[in-house]
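Undergrad: My structure is below; once you've seen it, I'll send some questions.
Each value in this text was obtained by applying a stated rule to the coordinates, not by laboratory testing. None of the values given here were measured: they were computed from a predicted structure. Glycine gets a Cβ as well: all are built from the backbone with ideal geometry, and neighbour counts include every protein chain shown.
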Amino acid sequence: MTVDSSAARKPRRSAAGKAGTTGGTTGATGTGRAARTTRSRKNTDPELVQLLTPEGKRVKNATYDSYVAGITPEDLRGLYRDMVLTRRFDAEATALQRQGELGLWASLLGQEAAQIGSGRALRDDDYVFPTYREHGVAWCRGVDPANLLGMFRGVNNGGWDPNGNNFHLYTIVIGSQTLHATGYAMGVAKDGADSAVIAYFGDGASSQGDVAESFTFAAVYNAPVVFFCQNNQWAISEPTEKQTRVPLYQRAQGYGFPGVRVDGNDVLACLAVTRWALERARNGEGPTLVEAFTYRMGAHTTSDDPSRYRGDEERLAWEAKDPMLRLRRHLEAANHADEGFFEELETESEALGRRVREAVRSMPDPDRFAIFENVYADGHSLVDEERAGFAAYQASFSDAEGV
Ligand SMILES: Cc1ncc(C[n+]2csc(CCOP(=O)(O)OP(=O)(O)O)c2C)c(N)n1
Ligand SMILES: [Mg+2]
């Protein structure tokens, strides 16, 4: 693939520079004032990088075209396959939770393009710090999908060796992984390596102090890190309007590095923009904020009921922008894939679902006392006390076991 680095060396001030035009009242509180703020934000008309329209039409982009210039029909089919298999795996995990095989599941439905596009932009030596929803990125890193389910089944505390695939363990403490990523990236720079680091986080996480601190450190130390924010419009039941007055990508300007908003349902645009941001990191140009504008089509987790806080119209509008549908339309219109391809993929995805299901059901139960071994390297009297209490509690069931 041809990559034109000249575009990368020009800082994209135009997008971030728009922050100055953002309207908004000062000190807005209460519903009336909040409503004014929302209206003024719409007037800023944020720039959205898009290479594939929802109808699957390829549109030109002077800055980012060069980053996908060498992409072949086979590459496009590969991206489509990644998205189909990720969605199939995700659906299987949701079903497994409903059947009591998992305690909880956080679906990525709707966010496949953001994750596959950015995930496929990475090199093997790059390092990923995910949240708890990055199943598509995990797929790109070669983490066995079945391994993602151990923690959600409650049989382990992670499920994979982070250094095996340069894919850190899932992180539930919102935003904290951006600090880990920034520190790791500072270390990469000190080592003189040209690897890059990518931190995934959500629109809700953008309100966390950890994220603000990460941005400051990454900027000041010029760390080779890409902050990849999937703005899926919701943080559980809180809409993005409750997180920010300005489009999230414009936050980067205040920290002194570029920010860009990409159509998060356009896998090609996500691939191109992430390649550009990673290249900046490798070239010693420091951090970049990528805001992938997308939508969480399902519930926050299997414990959530989105019908309590959002209407169907919104979901229907986003379904028309479905990330897989648009690439399929593009493949078909360009004659890049025939019926046989889609049929084979269907068979492959059913086989993946079966394999994952069988793998989860056969996961051995953990040693009930192992959890006490991983708290302190040298042990601790309080942990000893808790272990003893737990042992007594377990022993209280021994009579019942024989019944
Ligand atoms: C520090 C912290 N505060 C609160 C929570 C509870 N919590 C779990 S997910 C979530 C919302 C996160 O929203 P967002 O960052 O937009 O990510 P998304 O779930 O939409 O992918 C919250 C508040 C948490 N896990 N950690
Ligand atoms: Mg969110």
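Undergrad: For q = 0.13 Å⁻¹, what log10 I(q)/I(0) does the chain give under the Debye formula with an equal point scatterer on each alpha carbon and no solvent?
TA: Relative scattering, expressed as log10 I(q)/I(0), comes to -1.15.
Undergrad: Sticking with this one: Sorted from fewest to most neighbouring beta carbons within 10 Å, what does the list V173, V155, V197 look like?
TA: Taking fewest neighbouring Cβ atoms as first place, the list is V173, V155, V197.
Undergrad: Another one. What does the charge add up to near L325, with Lys and Arg as +1, Asp and Glu as -1, over the other residues with Cβ less than 12 Å from its Cβ?
TA: Value of the local net charge: -1.
Undergrad: Which values, in whole Å and largest first, are the semi-axes of the equivalent ellipsoid of region 43-131 obtained as the square root of 5 times each eigenvalue of the Cα gyration tensor?
TA: Ellipsoid half-lengths, sorted descending, are 29, 17, 15 Å.
Undergrad: Still on this structure, please answer the following. Find which of A106, H180, N147 sits farthest along the positive direction of the dipole of region 71-197, computed with +1 on the beta-carbon of Lys and Arg, -1 on that of Asp and Glu, about the Cα centre.
TA: With unit charges placed on the Cβ atoms, the residue in question is A106.
Undergrad: Take every DSSP beta bridge whose two residues both sit in the chain, then give the antiparallel share in percent to the nearest 5.
TA: So the antiparallel bridges amount to about 10 percent of the total.
Undergrad: I would also like to ask the following. Between E358 and E346, what is 0.36 nm times their sequence separation minus the Cα-Cα distance? Round to one decimal in nm.
TA: Here the segment from E358 to E346 would lengthen by 2.5 nm.
Undergrad: A further question follows. Which Rg and Dmax, in Å, describe the Cα atoms of region 225-291?
TA: In Å, with Rg to one decimal and Dmax whole: 12.5, 39.
Undergrad: Can you pull out the trypsin sites (Lys or Arg not before Pro) in region 294-383 that DSSP calls coil and that have at most 16 other Cβ atoms within 10 Å?
TA: The qualifying sites are R310, R368.
Undergrad: Let me ask you something else. Could you work out [θ]222 nm for the chain from helices alone, using -39500 (n - 2.57) per DSSP H run of at least four and dividing by all its residues? Round to the nearest 500 deg cm²/dmol.
TA: Dividing the helical sum by the residues of the chain leaves -13500 deg cm²/dmol.
Undergrad: Using the Cα centre of the chain as the reference point, and only Cβ charges (+1 on K/R, -1 on D/E), how large is the resulting charge dipole? Debye, rounded to the nearest 20.
TA: It works out to roughly 2020 debye.
Undergrad: Which one of P162, V262, A351 is farthest out on the positive end of the charge dipole of the chain, using unit charges on Cβ (Lys, Arg +1; Asp, Glu -1) and the Cα centre as origin?
TA: Of the options given, the answer is V262.
Undergrad: Turning to a different aspect of this structure: Per q in 0.11, 0.17, 0.21, 0.23 1/Å, what log10 I(q)/I(0) does a Debye calculation on the alpha-carbon atoms of region 152-240 return?
TA: Log-scaled intensity ratios, in q order: -0.35, -0.78, -1.05, -1.15.
Undergrad: Send over the Kirkwood Rh of region 74-225, from the inverse of the averaged 1/r over different Cα pairs, rounded to one decimal Å.
TA: About 16.1 Å, per the Kirkwood formula over Cα pairs.
Undergrad: In a shell of Cβ-Cβ distance under 14 Å around A181, excluding A181 itself, what net charge do Lys and Arg (+1) and Asp and Glu (-1) give?
TA: My count for the surroundings of A181 gives -4.
Undergrad: Rank the residues T178, T301 as a footprinting-exposure proxy: fewest other Cβ atoms within 10 Å of their Cβ go first.
TA: T301, T178
Undergrad: Could you give the longest part of the chain that holds none of the chymotrypsin sites (Phe, Trp or Tyr not before Pro) found in DSSP loops with at most 15 neighbouring Cβ atoms within 10 Å?
TA: No qualifying site falls inside 1-308, the longest such stretch.
Undergrad: If I take the Cα coordinates of region 276-386 and project them onto the principal axes, what are the three extents in Å, biggest first?
TA: 67, 45, 37
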